[in-house]
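Since the structure comes first, as structure tokens, the remarks are kept for the end.
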Amino acid sequence: MANPDNASVATAYVYRGTLVHSTEQTALQVLEDALLGVDTHGKISFIGEGKKLEALSQVFEFSPSQVIQLTEHEFLMPGLVDTHIHACQYSYAGTALDLPLLQWLNTYTFPVESRFKDLEFARRVYTHVVRRTLTNGTTTACYFASIHTDATLLLGQIANDFGQRALVGKVCMDRNDSVEHYRESIQESHDETCRFIKEFLNKKYPLAKPVVTPRFAPSCSRELLEQLGEIAKNNNLHIQSHISENKEEIQLVKELFPESESYTDVYHKYNLLTDKTVMAHGCHLSDKELAVFRETGASLSHCPSSNFSLCSGVLNVRNVLKHNVKLGLGTDVAGGYSSSMLDAVRRTLDASKVLTIQDPTHKTLTFEEVFRLATLGGSQALSLDDQTGNFEVGKDFDALRVNVAAPGGPIDLIDREEPKILLEKFLNLGDDRNIVEVFVAGKKVVPFTEPNAE
């Protein structure tokens, strides 16, 4: 996995130790006593065996004495990819989990999101959520913001300043009867979305991009959905929204769009299902709808914490994968109470076991499969797998340095364990105390340094 052609770019640093990641063919690949080099552009320049240190040091022109050695309880893994998180809901995360989806939106969500016209409030919340997700190991996040253009631009700036890879969306909604001042006219939504995209792209952030964001079909008119589909196509942008989260919502979509065959058909009709689309939830999609996802290249974000908390449903991930639909994991803050992707991993395993309890013939997901969904699967769902998601030469080095035996951490090691067991313990028991370093595009972003530290 060493390509001498990459030696033309100077080596920035080299790690030696255990690497764990996923490939298209293998849910979990463990490389022990491996060397991984990162060049000055933040890309992986080589991966090789530790015993070939001398030869690799000559080809890639680095000093063996400068190699960073991982301890026996440490490993490098790809950064976690959160494919669905509402940054503007972070202030009430961990509360307000007592209502089903539509009532939850009206009672808690819309009133809080309406506050983001206040840029100082937005700055406080968005700074906290970006810092927290990075600390939790989320190197890539796909963010919903609010309908407020300037606050959403601020979220993009904050993500860029902290070095997080991010897709950032200004929410679009011209239907909302519960909180009257929290909605737009069709013209406002169109014009502000265009302004948001133009100003965001003009910033030329290296790792942050805008994403077209109709909240979900019930909060958007046909005209708005059509316009957003055109905007995404004309600018070749990502699209994010929600689909088939709970049964009451699905019934509402049928009433609002009686001419459409299904919830999926609504989005498809307005060109909002593309190979750069990620739709959250999909708990109740039919096989016919999943076929449309496969044909269009659209992906799903599985958000089990939120699905449990709001009693929405349980997605059959195995069935989605059987249909060859791209799928990643999402925290879905604040319907999901935790901003940690480790929680999303655990709830994904729980959801799969619930399905097995209901149907013993269901094949429960393994932790290795869920690990892949949280890393490579997420990058595929966001159409970023050419840049990140696993350890391949030429990809950006988005990675976590994990110490399972971190002092004061939550994991007790009784016996000497092999790397696969250490990874399983980290996924099930670990938290930010075990995440020693976080890298995005080769830059160490955690621990935080000035001027961003508070």
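Conditions tested, residue by residue: (1) in a loop (DSSP other than H, G, I, E, B); (2) buried (at least 21 other Cβ atoms within 10 Å of the Cβ); (3) in contact (Cβ under 8 Å) with a residue 24 or more places away in the chain; (4) basic (Lys, Arg).
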site: Leu225; (1), (2), (3), (4): no, yes, yes, no
site: Glu230; (1), (2), (3), (4): no, no, yes, no
site: Glu248; (1), (2), (3), (4): no, no, yes, no
site: Ser260; (1), (2), (3), (4): yes, no, no, no
site: Ala291; (1), (2), (3), (4): no, no, yes, no
site: Ser301; (1), (2), (3), (4): no, yes, yes, no
site: Ser305; (1), (2), (3), (4): no, yes, yes, no
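Considering His323, His284, His268, which residue is within 21 Å of Leu105 (Cα to Cα) and not hydrophobic (A, V, I, L, M, F, W, C)?
On the way: His323 fails: within 21 Å of Leu105 (Cα to Cα); His268 fails: within 21 Å of Leu105 (Cα to Cα).
His284 is the lone residue from the list that is within 21 Å of Leu105 (Cα to Cα) and not hydrophobic (A, V, I, L, M, F, W, C).
For Leu400, are the conditions met, namely being assigned to a helix (DSSP H, G or I), crowded, with 21+ Cβ neighbours inside 10 Å and touching an Asp or Glu at 6+ places or on another chain (Cβ under 9 Å)? Let's see the steps before the verdict.
Working: assigned to a helix (DSSP H, G or I): no; crowded, with 21+ Cβ neighbours inside 10 Å: yes; touching an Asp or Glu at 6+ places or on another chain (Cβ under 9 Å): yes.
Against the criterion (assigned to a helix (DSSP H, G or I), crowded, with 21+ Cβ neighbours inside 10 Å and touching an Asp or Glu at 6+ places or on another chain (Cβ under 9 Å)), Leu400 does not qualify.
Out of the residues in region 169-194 that are of a type in the set (Ser, Thr, Tyr) and assigned to a helix (DSSP H, G or I), which is surrounded by the fewest Cβ atoms within 10 Å (Cβ to Cβ)? Let's see the steps before the verdict.
Within region 169-194, the first condition is being of a type in the set (Ser, Thr, Tyr), and the residues that meet it are 178, 182, 185, 189, 193.
Now narrow it down to the ones that are assigned to a helix (DSSP H, G or I): 189, 193.
On the way: Ser189: 24, Thr193: 28.
Looking at residues that are of a type in the set (Ser, Thr, Tyr) and assigned to a helix (DSSP H, G or I), I get Ser189.
For region 6-28, how many residues meet the condition of being among the small types (Gly, Ala, Ser), open to solvent by 30 Å² or more (accessible area, probe 1.4 Å) and at pLDDT below 95? Please lay out each step first, then the result.
Our first condition is that a residue be among the small types (Gly, Ala, Ser); within region 6-28, this holds for 7-8, 10, 12, 17, 22, 27.
From the residues that got through so far, the ones that are open to solvent by 30 Å² or more (accessible area, probe 1.4 Å) too are 8, 10, 12.
With the extra rule that they be at pLDDT below 95, the set shrinks to 8.
Of the residues in region 6-28, 1 are among the small types (Gly, Ala, Ser), open to solvent by 30 Å² or more (accessible area, probe 1.4 Å) and at pLDDT below 95.
Name the residue that is nearest to Ile239 (Cα to Cα), counting only residues in region 307-343 that are open to solvent by 50 Å² or more (accessible area, probe 1.4 Å) and out of contact with any Gly (no Cβ under 6 Å at 6 or more places or on another chain).
Lys326
How many residues are open to solvent by 50 Å² or more (accessible area, probe 1.4 Å) and either out of contact with any Lys or Arg (no Cβ under 7 Å at 6 or more places or on another chain) or small (Gly, Ala, Ser) (or both) if we restrict to region 422-438? Quick ask: steps written out before the conclusion?
Of the residues in region 422-438, the ones open to solvent by 50 Å² or more (accessible area, probe 1.4 Å) are 424-425, 428-429, 432-433, 436.
From what's left, either out of contact with any Lys or Arg (no Cβ under 7 Å at 6 or more places or on another chain) or small (Gly, Ala, Ser) (or both): 424-425, 429, 432-433.
Adding up the residues that qualify gives 5.
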>> Phe75 - would you say it is open to solvent by less than 30 Å² (accessible area, probe 1.4 Å) and either assigned to a helix (DSSP H, G or I) or farther than 26 Å from Leu376 by Cβ (or both)?
In response: no
Condition set open to solvent by 40 Å² or more (accessible area, probe 1.4 Å) and under 19 Å from the mean Cα position of the chain (by Cα), scope region 384-397, selection nearest to Asp82 (Cα to Cα): answer is Asp385
If we scan region 141-164, do we find a residue that is touching a Lys or Arg at 6+ places or on another chain (Cβ under 8 Å) and at positive phi?
yes
Being hydroxyl-bearing (Ser, Thr, Tyr) and surrounded by fewer than 19 Cβ atoms within 10 Å (Cβ to Cβ) narrows Thr127, Thr133, Thr152 down to just Thr127
Cβ pairs under 9 Å, 6+ apart or interchain, first in region 429-442 and touching a residue at least 60 places away in the same chain (Cβ under 8 Å), second among the β-branched types (Val, Ile, Thr) and part of a helix (DSSP H, G or I), ordered by first then second residue, are Asp432/Thr135; Ile435/Thr135; Val438/Thr135
In region 367-383, anything open to solvent by 10 Å² or more (accessible area, probe 1.4 Å) and farther than 21 Å from Leu349 by Cβ is listed as Ser383
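The values are calculated or read from the model by the stated rules, or taken from the named source; none is laboratory data. Please read all numbers here as calculations on a predicted model, not as lab measurements. Note that we place each Cβ from the backbone using ideal geometry, even for glycine, and neighbour counts take in every protein chain shown. Quick note on the areas: whole protein, heavy atoms, side chains included, nothing else; ligands and nucleic acids left out. Shrake-Rupley method; radii C 1.70, N 1.55, O 1.52, S 1.80 Å.
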